[in-house]
Amino acid sequence: MTPLPSEKQLTGRTVLILLLAFFGVVFGANMIMMKFAIDTLPGTEVDSAYRASLAFKSQIAAAHEQERRGWRVDAHIERASDGIATVAIEARDRAGAPLSGIGFIARLARPTDKRADRTIVLAQLGFGAFRGVASGIEPGQWDLVIEAEGATGSRLFLSTSRVVLN
């Protein structure tokens, strides 16, 4: 039997070119996917795990101190269709008396993308009543973080709640 004549011979040079083209496409696709993954990564939670672990004891002490105060902080958040969110807080001490002279800050944090976080400074409307507004809030899941600071700048209160805004 004689082989059928073919129009083109498969040479070593052709195999090398096909092999390089195949792996070029594979590496190119991997590079594109890697670039998309890195560009959409919001970043790390903490810059230094070591420094965060050193601060852990002070965070535990602050949580115990907050529990001893017995404050009751009720928050309500509402998002309008134009993307404006209003945060209202009512804060009372252990005896039920309204809190005043304290600076409250609310932060809306996206659980999946820290670049979308928004900080809201809450103004005191009356005794124990605080309110703030933020614009450009997209619908979806958010973490509502409420912090209170005293006159010395020390943190007096911290609360985190998962909310769904429509």
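The values are calculated or read from the model by the stated rules, or taken from the named source; none is laboratory data. Quick caveat, the model's predicted, so the values are computed rather than measured. Neighbour counts run over all protein chains shown; Cβ positions are idealised from the backbone, glycine included.
Counting only residues that are among the hydrophobic types (A, V, I, L, M, F, W, C), at pLDDT below 85 and assigned to a helix (DSSP H, G or I), region 27-51 holds 2 of them. Tally the residues that are exposed (fewer than 13 other Cβ atoms within 10 Å of the Cβ) and either of a type in the set (Val, Ile, Thr) or assigned to a strand (DSSP E or B) (or both), restricting the search to region 73-88. The number of residues fulfilling the criteria is 3. Filtered by the rule that a residue be in a loop (DSSP other than H, G, I, E, B) and either farther than 11 Å from Phe157 by Cα or in contact with a helix residue (DSSP H, G or I) (Cβ under 7 Å, 6 or more places away or on another chain) (or both), region 52-72 gives a lone residue, Ala55.
Table: residues versus (1) touching a Pro at 6+ places or on another chain (Cβ under 6 Å); (2) small (Gly, Ala, Ser).
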position	(1), (2)
Ala52	no, yes
His64	no, no
Ala85	no, yes
Lys114	yes, no
Gly126	no, yes
Ser135	no, yes
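Put simply, of Gln59, Gln9 the only residue that is of a type outside the set (Gly, Ala, Ser), at pLDDT below 95 and surrounded by 10 or more Cβ atoms within 10 Å (Cβ to Cβ) is Gln59.
Only one of the listed residues (Ala95, Ala91, Ala151) is in contact with a Gly (Cβ under 7 Å, 6 or more places away or on another chain) and either at pLDDT 90 or above or not in a strand (DSSP E or B) (or both). That residue is Ala91.
Can you find a residue in region 98-108 that is loosely packed, with under 13 Cβ neighbours inside 10 Å and not in a strand (DSSP E or B)? Yes.
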